[in-house]
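To start, the structure itself, in structure tokens.
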Amino acid sequence: MKFSEQWLRQWVNPGISSSELVERITMAGLEVDGVEPVAGQFTQVVVGLVEHVEGHPDADKLRVCQ
């Protein structure tokens with residue numbers, strides 16, 4: 001069975017690292033076949049903030065954002 005660590009931590013959130021969590025699950029008698037990331041590292045991500053939105057002066061369906 002596969003489940004995410006985030007899902008597990010919604011139910012039980014011990015203050016331990018991922019590797020310690022795997023060790024404790026194994027010591028509780030459950031087999032952990034492996035741990036793999038769901039998504040890779042995000043690269044070249046830009047975060048922006050839209051402070052002002054107004055209608056475009058020459059188009060009804062466009063907006064100008066600042």
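Read the figures in this text as sums done on the coordinates, not as results from a lab. Keep in mind the model is a prediction, meaning the values are calculated, not measured. Methodologically, a virtual Cβ is constructed for each residue, glycine included, from the backbone with ideal geometry; neighbour enumeration extends over all protein chains shown.
In this simple spin-label model, placing a label point 7 Å from the Cα along the Cα-to-Cβ direction at both Met1 and Ala59 gives a separation of 5.1 nm.
Dipole size of the chain about its Cα centre, with +1 on Lys/Arg Cβ and -1 on Asp/Glu Cβ: approximately 120 debye, rounded to the nearest 20. Once the Cα atoms are used to define both axes, helix 18-27 deviates from the longest principal axis of the chain by about 30 degrees. Every Cα-Cα pair of the stretch 5-65 was included, and the share exceeding 16 Å stands at 68 percent. Computed per residue of the chain from DSSP H runs no shorter than four, each worth -39500 (n - 2.57), the mean residue ellipticity at 222 nm is -7000 deg cm²/dmol.
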